[in-house]
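Everything on this sheet refers to the single structure shown next.
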Amino acid sequence: MSATAIPIGESPTRRAVKRFLRHRLAVFGLIIVVAFILVAIFAPLIAPYDPLQTSWTRIRRPPSWAHWMGTDENGRDVLSRVIWGARASMMAGVVSVLGAMILGVPLGLLAGLAGGWVDAVISRIADAMLSVPFLILAIALAAFLGPALENAMLAIAITASPVFARLSRGMALEAKSTDWVEAARALGNPAWRIAFVHVLPNIIPPLLVQATLAIAEAIIAEAALSFLGLGMQPPNPSWGSMLNSSQRFLTQAPWLSIFPGVTIMVVVLAFNLMGDGLRDALDPRAEKT
Amino acid sequence: MTQPLLQLNDLAKRFPVRDALGRKAGAVHAVDGVSLSVAEGETLAIVGESGCGKSTLGRLMLNLITPDAGTVRFAGDDLTKLSSSALRARRRDMQLIFQDPFASLDPRMTVEQAVAEPLRLHRIVPRSEERARVADLLSRVGLRPELARRWPHEFSGGQRQRIAIARALASQPKLIVGDEPVSALDVSVQAQVVNLLSDLIRDLGLTFVMISHDLGVVRHIADRVAVMYLGRIVELGPADQVLSAPKHPYTRALLAAVPGHGTKAPPIEGDVPSPISPPPGCRFHTRCQHAEALCRVTTPELTAAPHAVACHLDGRLPPPAPRPDRLAGGERLRRLQSFFRAPGPQPGVPQ
């Protein structure tokens, strides 16, 4: 590179994007995720039928050219319901994980940077919540809050937050011992500015990886809650509730279970592939060179 | 005499040591009873072996860690008594340069953001003039202002240290503490950065506290020198006197240990005793070839300024072995520096 032309520097973010794009499976996962997000957003335009439109003349029809995924026990088009169900699942996945981060990350930063009894209290609460299996806690919370999609999302957000609190506490502890945090203090930064302007941007990479993996988990959790009747309420479509109503017809009309089930699997797999790629791309060991 | 800019009084800092069960098992006496004053405009060097507490002392000076005892007066205020917001505001006047330039810059901030941060925190210039001021600061430390929008990982160690210096200068501080600011750099780059620092000290009239173990650098830059051993100051005086006519046996041993020294002085025996249980009396007596019975019992106090020493044998010590009048490295360092001293800002070399 010649000394005369000085381009704007390459940010750490751009370097990570470049590394991510070299990761084929991760890009494949990203494409599927983006596709499902678009499907969720444009569901009313894409869905061939009204997902709530029942018809006594075409009950439990197998897949055909008119109904690609067949029809269910009330004669509703399964494809349209899967497409509309993407809304509930994506919303539940993204919104509940965002909620978990908004709840967990500041608490984790506070615990890590403040230390002392603040850290002890926050860490013990997080440990206690983590000692209960994720789904059990989510089910208990959702049952307590009452059956509705919003409550299911809230339950998932609360249940997933200790993971983020613990992760950001660990990263904050690590950052606290670095020279650049001490430098920030020596410059006269107030504590909140050290936490949010200096430490937070530096711990975004592991949080992002955790978030993609947590979205996959949250989608499964939403499906599970809906399956148990604690999430999306019928007749509104959600992948979990579709699985629930189809189990009675598993032998006579397997397409009712297969399509929502495969869809859940594909989306969760895509998120996991993306998360793995992100982890490789954002690896701090690669960051240094 | 005017009031000193920085005055330390009987400062002490102990770091507790815990055993495997978390019980207090003792404490590292990092800094123990240090009194020191730094006058406005002077350059004080603090020298000593690793582990003698000089970095801790540097951080105590800026109240980045709070002392267990003693006071730190900066321009009249006791820093340990200030409220946290008053202390933050005070930080405008005192800055720190770190040893490792690869660790002291936030990896997610561009050069411009890093240098502009103190400007913003202390509202030094309005936002509209920020960019111009950053460019000004960068050229002052010998970096091209066009590099402002790059990230730290794109720079070499010497360049990063220049960025750190520009950041320290941004708030127009009265006092800068340099914690081994050049010892992590390559020798050729060291000379450049030492030159830069001494130019800045001269041009801006800075008060500078240089923590270092490199006596060549210290001789080049310091007006006064404080020698530390195991958390205490053993000798304190004008740089030329301390470095050419050392009074304390430890200072003599330090000087004799500078490589390239003409005469081979006998090295001091043994290791530094554990700072968890420092020896009674004079802390150096375990390694001192001149130690007497008194040294093992009573702690010597510093004698009066200007050339103070904490030694019972002060005045009775045999004259030091004859040694060349120059400090090894001094002349060579100067010659090396003359190669690198550039008339104006040097172009930073992009990688």
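The values are calculated or read from the model by the stated rules, or taken from the named source; none is laboratory data. Note that the structure is a prediction, hence the values are computed from the model and not measured. So basically every Cβ, Gly included, is an ideal-geometry build from the backbone, and we count neighbours across all protein chains shown. SASA here: full protein model, heavy atoms, side chains in, ligands and nucleic acids out. Shrake-Rupley method; radii C 1.70, N 1.55, O 1.52, S 1.80 Å.
Quick check on the range A:108-130. Is at least one of its residues open to solvent by less than 10 Å² (accessible area, probe 1.4 Å), assigned to a helix (DSSP H, G or I) and of a type outside the set (A, V, I, L, M)? Within the range A:108-130 (the criterion being open to solvent by less than 10 Å² (accessible area, probe 1.4 Å), assigned to a helix (DSSP H, G or I) and of a type outside the set (A, V, I, L, M)), the answer is yes, since at least one residue qualifies. Please verify whether residue B:106 is over 14 Å from the mean Cα position of the chain (by Cα), away from every other protein chain (no Cβ under 11 Å) and over 23 Å from residue B:201 (Cβ atoms), treating the condition exactly as stated. In short, no. Can residue B:57 be described as surrounded by 23 or more Cβ atoms within 10 Å (Cβ to Cβ) and within 18 Å of residue B:233 (Cβ to Cβ)? Yes; evaluated as a whole, the condition is true for this residue. None of B:76, B:142 is of a type in the set (Gly, Ala, Ser) and at pLDDT below 90 except B:76.
Per-residue answers, yes or no, for (1) facing chain A (nearest Cβ under 9 Å); (2) out of contact with any His (no Cβ under 8 Å at 6 or more places or on another chain); (3) open to solvent by less than 20 Å² (accessible area, probe 1.4 Å); (4) not acidic (Asp, Glu):
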residue: B:81; (1), (2), (3), (4): no, yes, no, yes
residue: B:92; (1), (2), (3), (4): yes, no, no, yes
residue: B:134; (1), (2), (3), (4): no, yes, yes, yes
residue: B:139; (1), (2), (3), (4): no, yes, no, yes
residue: B:166; (1), (2), (3), (4): no, yes, yes, yes
residue: B:170; (1), (2), (3), (4): yes, yes, yes, yes
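Can you find a residue that is within 14 Å of chain B (Cβ to nearest Cβ) and either within 16 Å of residue A:78 (Cβ to Cβ) or within 21 Å of the chain's Cα centre (by Cα) (or both) anywhere in the range A:235-251? Within the range A:235-251, none of the residues are within 14 Å of chain B (Cβ to nearest Cβ) and either within 16 Å of residue A:78 (Cβ to Cβ) or within 21 Å of the chain's Cα centre (by Cα) (or both).
Annotation: of all residues in the range A:168-216 being more than 10 Å from chain B (Cβ to nearest Cβ) and basic (Lys, Arg), the one that is surrounded by the fewest Cβ atoms within 10 Å (Cβ to Cβ) is A:176.
Among the conditions (1) over 23 Å from the mean Cα position of the chain (by Cα); (2) surrounded by fewer than 16 Cβ atoms within 10 Å (Cβ to Cβ); (3) not hydroxyl-bearing (Ser, Thr, Tyr), the only one that residue A:17 does not satisfy is (1).
Say whether the condition of being at pLDDT 95 or above and of a type in the set (Phe, Trp, Tyr) is met by at least one residue in the range A:137-157. Scanning the range A:137-157, I find no residue that is at pLDDT 95 or above and of a type in the set (Phe, Trp, Tyr), so the answer is no. Among the residues examined, residue B:162 qualifies as in a helix (DSSP H, G or I) and under 22 Å from residue B:112 (Cβ atoms).
In the range A:71-86, is there at least one residue being touching a Leu at 6+ places or on another chain (Cβ under 8 Å), open to solvent by 60 Å² or more (accessible area, probe 1.4 Å) and away from chain B (no Cβ under 14 Å)? Checked the range A:71-86: no residue is touching a Leu at 6+ places or on another chain (Cβ under 8 Å), open to solvent by 60 Å² or more (accessible area, probe 1.4 Å) and away from chain B (no Cβ under 14 Å).
State whether the residues of the range B:104-111 include one that is open to solvent by 40 Å² or more (accessible area, probe 1.4 Å), at pLDDT 90 or above and acidic (Asp, Glu). No, every residue in the range B:104-111 fails to be open to solvent by 40 Å² or more (accessible area, probe 1.4 Å), at pLDDT 90 or above and acidic (Asp, Glu). Taking the stated definitions as given, is residue B:50 more than 10 Å from chain A (Cβ to nearest Cβ), closer than 30 Å to residue B:186 by Cβ and open to solvent by 10 Å² or more (accessible area, probe 1.4 Å)? Yes: the conditions hold for residue B:50. Going residue by residue through the range B:122-130, is there one that turns out to be more than 9 Å from every other protein chain (Cβ to nearest Cβ), open to solvent by less than 60 Å² (accessible area, probe 1.4 Å) and touching a residue at least 60 places away in the same chain (Cβ under 8 Å)? Looking through the range B:122-130, none of the residues is more than 9 Å from every other protein chain (Cβ to nearest Cβ), open to solvent by less than 60 Å² (accessible area, probe 1.4 Å) and touching a residue at least 60 places away in the same chain (Cβ under 8 Å). Identification of helices (runs of 4 or more DSSP H) wholly contained in the range A:227-289 with 3 or more residues that are touching a Gly at 6+ places or on another chain (Cβ under 9 Å) and under 17 Å from residue A:18 (Cα atoms) yields A:255-281.
Quick check, is residue B:39 over 21 Å from residue B:208 (Cβ atoms) and surrounded by 15 or more Cβ atoms within 10 Å (Cβ to Cβ)? No: the conditions fail for residue B:39. Looking at the range A:143-159, is at least one residue open to solvent by less than 60 Å² (accessible area, probe 1.4 Å), within 14 Å of chain B (Cβ to nearest Cβ) and closer than 25 Å to residue A:206 by Cα? Within the range A:143-159 (the criterion being open to solvent by less than 60 Å² (accessible area, probe 1.4 Å), within 14 Å of chain B (Cβ to nearest Cβ) and closer than 25 Å to residue A:206 by Cα), the answer is no, since none of the residues qualifies. Can you tell me how many residues within the range A:87-142 are β-branched (Val, Ile, Thr), in contact with a Leu (Cβ under 9 Å, 6 or more places away or on another chain) and closer than 15 Å to residue A:223 by Cα? Matching residues across the range A:87-142 total 1. Looking at the range B:145-161, can you tell me whether even one residue there is modelled with pLDDT of 90 or more, within 12 Å of another protein chain (Cβ to nearest Cβ), in contact with a helix residue (DSSP H, G or I) (Cβ under 7 Å, 6 or more places away or on another chain) and farther than 29 Å from residue A:203 by Cβ? Checked the range B:145-161: at least one residue is modelled with pLDDT of 90 or more, within 12 Å of another protein chain (Cβ to nearest Cβ), in contact with a helix residue (DSSP H, G or I) (Cβ under 7 Å, 6 or more places away or on another chain) and farther than 29 Å from residue A:203 by Cβ.
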